[in-house]
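The values are calculated or read from the model by the stated rules, or taken from the named source; none is laboratory data. All values derive from a computational prediction rather than experimental measurement. All Cβ positions, glycine included, derive from the backbone under ideal geometry; neighbour counts span all protein chains shown. Surface areas here come from the heavy atoms of the whole protein model, side chains and all, with no ligands, DNA or RNA. Shrake-Rupley method; radii C 1.70, N 1.55, O 1.52, S 1.80 Å.
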Amino acid sequence: MEKFRATVAFIGRSMITVGLLMLLFVAYQLWGTNLWEANAQKGLKSELTKKLDNRRGKTLELPEIKRTPEGGALGLIEIPKINVDRVLVSGTATGDLKRGPGHYLDTPLPGEYGNMAIAGHRTTYGAPFANLDALAVGDEIIITTAEGEFTYKVSQAPFPVAPTQVEVIDPTIGDDGKALPTLTLTTCHPRFSARQRLIIKADLVLDAGQKLVDPPKDLKNKEKKLLDEEEGSFFDGIARNQAGLTLWGLFLLMVGAGWWILFHRYHSIVSWFGGVIVFLPVLFVFYIYLEKALPSNY
């Protein structure tokens, strides 16, 4: 009977521990990833400041706007109504979007004719697009690049689409047969889910004397899915990050076991808090690798 009680107690404690670790991982997803994004934004702002300083006072280089390498600081996006003020990243791969809102590489840039498209997280990694659903017709979206400041106004109410409806980032053709200068923002919908994408459409407000150029002819909107270029299952993600995930998983088990042994041997507040101080940083790094294995980013 004693062995049975001990076994049940061990199983109960184990289930509680696993539950707590799962709750902590959810907390890491919702708030811990913000630290990653904030640090990345700091570096991007420094890069963008240098870029803007180098171009200050210079005229637009016609007939072509220079492309920013993937992962680089493209510009600044501001949405006053929902307090968005972020550096734009060139690219929408998973790693790009962890650093900030990303520009779909195969869409035009500000200063070019056509539909510029930007994706961003709604829940994790700073959640820059958390409140896109609050935008209404007439709200301003301001994008600043080395070519100047471009103001867009929301042209229709936010609406959801399936992730495969990539036609929303296609250009709108005007009566003269030329692509109109527009902007499309995409993010996951509803919040805490990647089932759909929320879409914001906006039109460029041209200032007096502001010039536009044609985008490169090889832009083909190659993205197969809105906001989600890296497909695959959770197990595919584990395979990609197997070394780091395994190493830190084993290290976490060792630290956890050591903490348990230490506490049960000395059973004091000092030993408990000492274990916490060592365990939590290791758990944080393990969560970083575990998060990389997830197939979707919200």
Open item on the list: Using amide H atoms built in the peptide plane, which far-off residues or other-chain residues are under 5 Å from Glu112 H to H?
Closed with: Val213
- [ ] Any chance you could look up the accessible area of Lys153 with a 1.4 Å probe, heavy atoms only, rounded to 10 Å²?
- [x] 90 Å²
- [ ] Starting from the residue with the highest accessible area, list Trp248, Trp260 in decreasing order, probe 1.4 Å.
- [x] Trp260, Trp248
- [ ] Show Thr164, Thr184, Thr151 ordered by accessible area, largest first, where the area counts protein heavy atoms only and the probe is 1.4 Å.
- [x] Thr164, Thr151, Thr184
- [ ] Using a 1.4 angstrom probe on the protein heavy atoms only, line up Trp259, Trp31 by accessible area, largest first.
- [x] Trp31, Trp259
- [ ] Take each of the peptides 172-181, 66-75, average the number of other beta-carbon atoms within 10 Å over its residues, and list them starting from the highest.
- [x] 66-75, 172-181
TODO: Multiply the residue gap between Trp272 and Asp53 by 0.36 nm, knock off their C-alpha separation, and tell me the result in nm, one decimal place.
DONE: 73.6 nm
Task: Extension gain (nm, one decimal) between Phe159 and Asp214, 0.36 nm per residue minus Cα-Cα - done: 17.0 nm
Task: J(HN,Hα) series, region 155-171, from Karplus relation 6.51 cos²θ - 1.76 cosθ + 1.60, nearest Hz, glycine and proline x - done: 9, 7, 5, x, 8, x, 9, 6, x, 8, 7, 5, 5, 5, 9, 6, x
- [ ] Give Lys50/Lys153; Lys98/Lys217; Lys153/Lys211; Lys50/Lys98; Lys45/Lys178 a once-over and call out the pairs whose C-alpha atoms are over 26 Å from each other.
- [x] Lys50/Lys153; Lys98/Lys217; Lys45/Lys178
Task: Solvent-accessible surface (1.4 angstrom probe) belonging to His267, in square angstrom, nearest 10 - done: 120 Å²
Open item on the list: Quick one: 3J(HN,Hα) in Hz for region 125-142, Karplus 6.51/-1.76/1.60 with θ = phi - 60°, rounded, Gly and Pro as x.
Closed with: 6, x, 6, x, 9, 4, 10, 4, 5, 7, 6, 9, 3, x, 5, 8, 10, 10
Open item on the list: Need one value: the accessible area of Glu112 in square angstrom, 1.4 angstrom probe, rounded to the nearest 10.
Closed with: 10 Å²
